[in-house]
Amino acid sequence: MWVGLVLSLILRPDAADLPLVLVATVVSVAALKSVRNVPFAAMACAISVSYHLGSLLDSRSGASRPHRKVPYSAQYALALTALLLTNRELVSSQLPTDMRYPSSAVDFMKQSGLRGNVLVYFCWGEYLIWHLAPDFKVFFDSRYDMVYPSRVTEDYLAFYWGLPGADRVLSDYPHEFVLFPTTEKVYDRMVKTVGWKLLYRDADAALFGRTGSGAHGLSKSAIIGNVPRVQYFP
């Protein structure tokens with residue numbers, strides 16, 4: 001993709017194609033900063049690259065290609081096709097997730113009628129907001145640099161890494177629940193933490209409830225759940 005863009009710059013785009021090359025360059029820089037921009041960079045680069053690649057092939061073959069305007073009907077048909085192929089509501093109602101999420105634990109929380117504040121694994125924050133709001137409020141998620149004070153970020157990191165002051169996160173904040181992967185060291189620490197009870201566990205996640213919270217009516221022993229082999233969002 002970016003090799004083609006460099007070739008387009010080397011081939012010195014004409015005045016008509018220069019804006020497309022500039023847009024492709026800007027979006028490509030954005031793709032280097034965030035992976036979510038890669039598809040947009042690919043689309044932007046493809047327009048300019050295809051034009052110059054065709055010109056390069058024509059120049060090698062000695063053929064001349066007349067520049068003709070594409071009929072509006074063809075443009076509309078192409079745009080409609082792209083819309084249909086990229087609209088997941090029409091093609092597919094779900095997308096495979098990029099990592100393991102606590103889907104079964106979330107189902108358990110819904111079915112058990114739980115609600116409250118939950119200290120959640122950083123990477124799962126938005127997932128819980130999407131599925132459990134407004135019944136649950138998360139303590140921390142990836143918007144840390146936009147919506148969370150630096151003190152909260154420091155407290156979360158201390159809790160996550162088991163640093164001095166880690167216990168303060170459980171005592172100074174009004175958490176009713178803690179939800180973390182079973183593979184994290186936080187899980188091992190929570191099992192031994194007085195005042196917290198393991199409510200649910202599966203291969204992906206473990207849910208702990210504070211003693212005296214809304215989870216007091218649940219079974220005395222933790223529920224062991226199963227996780228799907230493939231997960232989808234939403």
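The values are calculated or read from the model by the stated rules, or taken from the named source; none is laboratory data. Since the model is a prediction, treat every value here as computed from it, not as a measurement. Cβ sites come from the backbone with ideal geometry, for glycine too, and all protein chains shown count toward neighbours.
Here is how the numbers come out for the structure above:
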| quantity | calculated |
| --- | --- |
| Count - residues of segment 140-159 that are surrounded by 13 or more Cβ atoms within 10 Å (Cβ to Cβ) and β-branched (Val, Ile, Thr) | 2 |
| Cβ pairs under 9 Å, 6+ apart, first in segment 217-234 and polar (S, T, N, Q), second in a loop (DSSP other than H, G, I, E, B) and modelled with pLDDT of 85 or more | 226/202; 226/203; 231/99; 231/100; 231/101; 231/204 |
| All positions within segment 160-174 that are more than 23 Å from the chain's Cα centre (by Cα) and surrounded by 14 or more Cβ atoms within 10 Å (Cβ to Cβ) | 166, 169, 170, 173 |
| Matching residues in segment 15-31 - criterion: being at pLDDT below 75 and surrounded by 11 or more Cβ atoms within 10 Å (Cβ to Cβ) | 17, 18, 19, 20, 21 |
| Filtered residue count, segment 93-135, keeping only those that are among the aliphatic types (A, V, I, L, M), part of a strand (DSSP E or B) and closer than 13 Å to residue 177 by Cβ | 3 |
| Boolean, residue 79 is in contact with a strand residue (DSSP E or B) (Cβ under 6 Å, 6 or more places away or on another chain) and either modelled with pLDDT of 95 or more or surrounded by fewer than 19 Cβ atoms within 10 Å (Cβ to Cβ) (or both) | no |
| Among the candidates 149, 71, 134, residue that is over 30 Å from residue 185 (Cβ atoms) and modelled with pLDDT of 90 or more | 134 |
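So that you can scan it fast, the table gives a plain yes or no per residue for (1) in contact (Cβ under 8 Å) with a residue 40 or more places away in the chain; (2) buried (at least 20 other Cβ atoms within 10 Å of the Cβ); (3) of a type in the set (Asp, Glu):
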position: 112; (1), (2), (3): yes, no, no
position: 120; (1), (2), (3): yes, yes, no
position: 132; (1), (2), (3): no, no, no
position: 136; (1), (2), (3): yes, yes, no
position: 176; (1), (2), (3): yes, no, yes
position: 181; (1), (2), (3): yes, no, no
position: 193; (1), (2), (3): no, no, no
position: 202; (1), (2), (3): yes, no, yes
position: 211; (1), (2), (3): no, no, no
